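Asks: Questions regarding the structure given below will be posed in turn.
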Amino acid sequence: MSCFSGDYNFCSECGNVLPLPGLSDTVTCPRCQFTIPINEFAGKVITSTVVFNSLEKSSVKEESEQDSELKGPVIDRRCSRCSKEGMVYHTRQMRSADEGQTVFYTCTHCRYQEKEDS
């Protein structure tokens with residue numbers, strides 16, 4: 001007894017998206033290996049659509065290059081250029097995997113950048 005029914009785009013056993021019918025006599029679900037005879041698709045029109053969200057409705061905000069460098073946690077570290085407290089940091093694995101990561105610090109006041117290999 002099938003769990004799902006009604007839409008020929010999906011497997012009636014597991015609900016996975018089915019591949020398009022090919023040259024064989026059956027369509028096989030790639031997830032559960034359930035097979036459907038190709039004659040069940042005879043006379044059926046299978047359509048699909050792709051809907052793209054508009055940029056106005058998108059939740060992703062474009063940011064300027066200056067804003068992107070000040071993202072991240074702010075720590076109590078004194079800037080060596082302006083001597084003010086507060087720097088943003090991010091880490092990258094710049095060297096081989098068995099060595100420590102590189103920490104990049106950016107001053108929130110003067111945007112001076114420094115790095116530290118840990």
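Asks: List every residue pair whose Cβ atoms sit under 7 Å apart, with the two residues 6 or more apart in sequence or on different chains, where the first one lies in the range 24-50 and is in a loop (DSSP other than H, G, I, E, B) and the second, anywhere, is open to solvent by 80 Å² or more (accessible area, probe 1.4 Å).
Replies: Lys44/Tyr8; Ile46/Tyr8
Asks: What number of residues within the range 78-91 are in contact with a Phe, Trp or Tyr (Cβ under 7 Å, 6 or more places away or on another chain) and open to solvent by 100 Å² or more (accessible area, probe 1.4 Å)?
Replies: 1
Asks: Looking at Thr28, Thr35 in this structure, which one is more than 25 Å from Val103 (Cα to Cα), open to solvent by 60 Å² or more (accessible area, probe 1.4 Å) and either at pLDDT 80 or above or not aromatic (Phe, Trp, Tyr) (or both)?
Replies: The unique qualifying residue is Thr35.
Asks: Hey, can you tell me all the residues within the range 52-89 that are at pLDDT below 90 and touching a Lys or Arg at 6+ places or on another chain (Cβ under 9 Å)?
Replies: Glu63, Gln66, Glu69, Leu70
The values are calculated or read from the model by the stated rules, or taken from the named source; none is laboratory data. Everything numeric in this text was worked out from a predicted model, so none of it was measured. For neighbour counting, all protein chains shown are included, and Cβ atoms are generated from backbone atoms with ideal geometry for every residue, glycine included. All accessible areas refer to the heavy atoms of the entire protein, side chains included, with ligands and DNA or RNA removed. Shrake-Rupley method; radii C 1.70, N 1.55, O 1.52, S 1.80 Å.
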